[in-house]
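Engineer: The structure is given below, and queries will be raised subsequently.
The values are calculated or read from the model by the stated rules, or taken from the named source; none is laboratory data. This structure is a prediction, so every number in the text was calculated from the model and none was measured. Don't worry about glycine lacking a Cβ; one is built from the backbone with ideal geometry, like all the others, and counts go over all protein chains shown.
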Amino acid sequence: MIASGSDTKKQKTCLQVATNVTEQKHNVTREVRGQNLGICRGFRGCTLWLTGLSGAGKTSIAFELEAYLVSKGIPAYGLDGDNIRTGLNKNLGFSQVDREENIRRVAEVAKLFADSGVVSICSFVSPFAEDREMARKIHKDADLKFFEIHVNTPLEVCESRDVKGLYKKARQGSIQGFTGVTQAYEAPESPDLAVSTEGVT
């Protein structure tokens, strides 16, 4: 969502690409692992990918859904954009290249959660269709289900909320490349589900 001068201070992400890596196979299959997870025996994990503008309600939906599933004995975990950027992806900025790498890393983490039998609930602006398709492919290649959910809350509603004050800063020019203001958002053409939090607090 945000780009700033501090991006230039971020460490480089691809200093060297490993070529001597061999994928190691688990001794425990997904089917066996699923028999020991939650109330729903035999349950297989999946990824729910929530995309939408800042302030659309992605995180609220994700965390409420996470709590509901866990209360029903279904293992779930919410991966949130802000949280990921304070840890795993804290070395990434908001250039298009960094955004792509941000989504790639998150998709790989979500895949691991799903492979372990957990419902991975991802809430990321993820403004570029190509990046979201990459996330889907990462799951498809691993034979894991991936559901794209468009939190289709109108820009004016998101901006009126502006809980973090980011839209105001973007309009003032202190934030460059902010999705919905100076950076386009490529809405999903055929999401698996579309929801809106307009009129919901």
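Engineer: Can you find a residue in the stretch 39-46 that is of a type outside the set (Lys, Arg) and at pLDDT 95 or above?
Structural biologist: Yes, because at least one residue in the stretch 39-46 is of a type outside the set (Lys, Arg) and at pLDDT 95 or above.
Engineer: Same structure again: Quick check on ILE103: is it more than 22 Å from SER196 (Cβ to Cβ), assigned to a helix (DSSP H, G or I), free of Cβ contacts under 8 Å to residues at least 60 places away in the same chain and in contact with an Asp or Glu (Cβ under 6 Å, 6 or more places away or on another chain)?
Structural biologist: When the stated conditions are applied, ILE103 passes them.
Engineer: All but one of (1) of a type in the set (Phe, Trp, Tyr); (2) closer than 15 Å to TYR185 by Cβ; (3) in contact with a Lys or Arg (Cβ under 9 Å, 6 or more places away or on another chain) hold for PHE94; state the number of the condition that does not hold.
Structural biologist: Every condition holds for PHE94 apart from (3).
Engineer: Taking the stretch 175-191 on its own, how many of its residues are farther than 14 Å from GLY52 by Cβ and either under 15 Å from the mean Cα position of the chain (by Cα) or without any contact (Cβ under 8 Å) to a residue 40 or more places away in the chain (or both)?
Structural biologist: Residues in the stretch 175-191 being farther than 14 Å from GLY52 by Cβ and either under 15 Å from the mean Cα position of the chain (by Cα) or without any contact (Cβ under 8 Å) to a residue 40 or more places away in the chain (or both): 3 in total.
Engineer: Among the residues in the stretch 122-131, are any farther than 22 Å from SER196 by Cβ and touching a strand residue (DSSP E or B) at 6+ places or on another chain (Cβ under 7 Å)?
Structural biologist: No, there is no match, as no residue in the stretch 122-131 is farther than 22 Å from SER196 by Cβ and touching a strand residue (DSSP E or B) at 6+ places or on another chain (Cβ under 7 Å).
Engineer: Sort through LEU69, LEU92 and tell me the only one that's among the hydrophobic types (A, V, I, L, M, F, W, C), crowded, with 16+ Cβ neighbours inside 10 Å and not in a helix (DSSP H, G or I).
Structural biologist: Just a single option satisfies the conditions, and that option is LEU92.
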